[in-house]
1. Stick to the Cα atoms of the chain, pair each with every other, and give me the Kirkwood hydrodynamic radius in Å at one decimal.
2. With the crude spin-label approximation of a point 7 Å out along Cα→Cβ, what separation in nm comes out for Asp59 versus Phe15?
3. Under 20 Å between alpha carbons, and skipping anything fewer than 8 positions from Lys47 in its own chain: which lysines qualify?
4. Any lysines with Cα under 18 Å of the Lys162 Cα? List them, leaving off those in the same chain fewer than 8 positions away.
5. Under 11 Å from a label point 7 Å along Cα→Cβ of Ser97: give me every residue in segment 41-63 with its amide N that close.
6. Among 26-36, 2-12, how do they line up from the highest to the lowest mean number of other beta-carbon atoms within 10 Å?
7. Relative contact order (percent) for segment 1-87, with alpha-carbon contacts under 8 angstrom and 6 or more residues of separation?
8. What ranking of Met135, Met86 comes out by heavy-atom accessible area, probe 1.4 Å, highest first?
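The values are calculated or read from the model by the stated rules, or taken from the named source; none is laboratory data. If you're wondering where the values come from, they're calculated on a predicted model, not measured in any experiment. For neighbour counting, all protein chains shown are included, and Cβ atoms are generated from backbone atoms with ideal geometry for every residue, glycine included. These area figures cover heavy atoms from the full protein model, side chains too; ligands, DNA and RNA do not enter into them. Shrake-Rupley method; radii C 1.70, N 1.55, O 1.52, S 1.80 Å.
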Amino acid sequence: RTFTLSLWFKRASNFGSTNNILWVGDDSNNRTLIQISDNDVIDLQNKSGGSVNAKLSSDALRRDPSAWYHLVWAVDTTQATDSNRMKVYVNGVQETSFSTETYPSQNADFFINNNQSHSIGKQNDSASGFFDGYMAEVVLIDGQQLTPSSFGETDSTTGIWKPKKIGSFTSAGDNSFYLD
């Protein structure tokens, strides 16, 4: 019910096609995913029993093959306010404009941190939807809803959002991981 996923990605090309960043679950009807959709926006989604019960689709296009993007997905479904249950940040700034905005119900479960296969850079249930690009600093923190400042900072000289050295996180749950 509570986790933060942080990662840096850079698209190589393959614009106009689905690029899966994270896919967790058994099949297309029971999954949690992050992807760059075929219209080049970030989609974050949880689907259970064939029904989408949480989804944020950004309005901003991600088509710059020279840019590194920092994505943070912070989830805490125990929050009373629906918009606090699922937040997405890109390059340190919270996204607030979505073409689709469906927040999970209070105390909803996601497939992340459950006994499910977690695939990074591909679709879990098929040999398609591979991510075309680079990823770095992939971090999952189980049990905490963190902000981007835990993972990045603004360079005082250039004003560009950059990664911070990943240290230890206190109270990180058993399912936490770090892939540099």
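1. Averaging 1/r across every pair of different Cα atoms and inverting gives 16.4 Å.
2. 2.0
3. Within the straight-line cut-off, Lys47 pairs with Lys55, Lys87, Lys122.
4. Lys162 reaches Lys10.
5. The answer is 59-61.
6. Packing proxy ranking, top to bottom: 2-12, 26-36.
7. The value is 32 percent.
8. Met135, Met86
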